[in-house]
Every structure is written in structure tokens, then in C-alpha cells.
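Heads up: the structure comes next, in C-alpha cells.
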């Protein structure tokens, strides 16, 4: 009897560990940001070509992103065409400096307590002035007939990695961005 109770306990513990691990892993993947023309018929899109970009300073990363875009779009059934295509694709790197949240701050406050209530004033001062570079990839889709932006997607990206790790990170980021293209209409 003691053995079956132990076995049941181990099964519950294992299930809990697996469920927690999956939730933590799911939380690590970022959600891409996207916006699009809600009046545009994305069902008409069958082929694409690349917009000619100005010379990139990091040609290795630029070529990786271009190849990842081609891989994802072709996996979704779009055909790469030179010249006359239904839509054009471009991309760019966005780098922003933001204050790093250290999670530590100093709080100052004052307050009074009256007979029928209380009033309090407080402030928090972050400790340290460290900045962090936040980088992302932005992909634009442009209607080739009107030269109008019809869809834009972006996601955070870690440019600090190199070699195989950077290649895998590039492919994963582009796949994540293009997972929401073309947009799906929500039926009421």
C-alpha cells in the first residue's frame, strides 16, 4: 500500500514539474507586434519580391534576415518573383537605448492621518543610471501596385550573439514575426 501511495505522489510531482516547465518556456517567447490595413484583401497576395534597401552596415545579419524571410514566406505558399509581384517586402533593424530596470529603488514618503482619512505622498528613485540597448527586427509589406504599406510586424531580437546562435535567433525572430502574416480577420 505504501508503494502505490509513493508512486501516485511521484506521478503528481512529475506532472507538476512538467507543467511548470512548459509554462516557463512559453513565457520566454515574445509576442510579435503587428499592424495592418484592415480594409486590404490579403487573400489576393500570391507572390512577393524584395524592396531594394540601402547598404546595410551589417551585411551578414542583413542576408540572414532576408533568407529567413524567404524561407518563412515560401513555407506559407508565397512565391518569390523578380519584377512584377503582388507585394514587396522590406526589413530593418531598430536599436533603442532605454534605462535598465534594476528592480531596486529608494522610496521616500510622507503622510498625515486625520480624523476622517489620511493623505500620503511618496516617490521612488531608481538606483543606478545603467542603459540597455533594445534591438528589434521590423518587417514591412507594401502593395506593389500602390506602393502603400499594408502590414508591419516587429519583434525584439538579440544582436549580441554570433555564429550559429545568431543564425538560429534570426530565424526564430523572423518566423515569430511572420507567424501573424497575413493577418486573419476576426469574425463577429
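The values are calculated or read from the model by the stated rules, or taken from the named source; none is laboratory data. This structure is a prediction, so every number in the text was calculated from the model and none was measured. Glycine also receives a Cβ, built like all others from the backbone with ideal geometry; neighbour counts cover every protein chain displayed.
Residue-wise test of (1) touching a residue at least 60 places away in the same chain (Cβ under 8 Å); (2) surrounded by 15 or more Cβ atoms within 10 Å (Cβ to Cβ); (3) in contact with a strand residue (DSSP E or B) (Cβ under 7 Å, 6 or more places away or on another chain); (4) in a strand (DSSP E or B).
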{"residue": "30", "(1), (2), (3), (4)": "yes, no, yes, no"}
{"residue": "52", "(1), (2), (3), (4)": "no, no, no, no"}
{"residue": "62", "(1), (2), (3), (4)": "no, yes, no, no"}
{"residue": "65", "(1), (2), (3), (4)": "yes, yes, yes, no"}
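Among the residues of the stretch 150-174, those that are over 21 Å from residue 95 (Cβ atoms) and modelled with pLDDT of 90 or more comprise 150, 151.
When 77, 83 are checked against the criterion of being in a loop (DSSP other than H, G, I, E, B) and modelled with pLDDT of 95 or more, a single residue qualifies: 77. Within the stretch 142-170, the set of residues being crowded, with 18+ Cβ neighbours inside 10 Å and in contact with a helix residue (DSSP H, G or I) (Cβ under 9 Å, 6 or more places away or on another chain) comprises 150, 151, 153, 154, 155, 157, 170. The residues of the stretch 48-72 that are more than 17 Å from residue 168 (Cα to Cα), at pLDDT 85 or above and touching a helix residue (DSSP H, G or I) at 6+ places or on another chain (Cβ under 8 Å), listed by number, are 48, 50.
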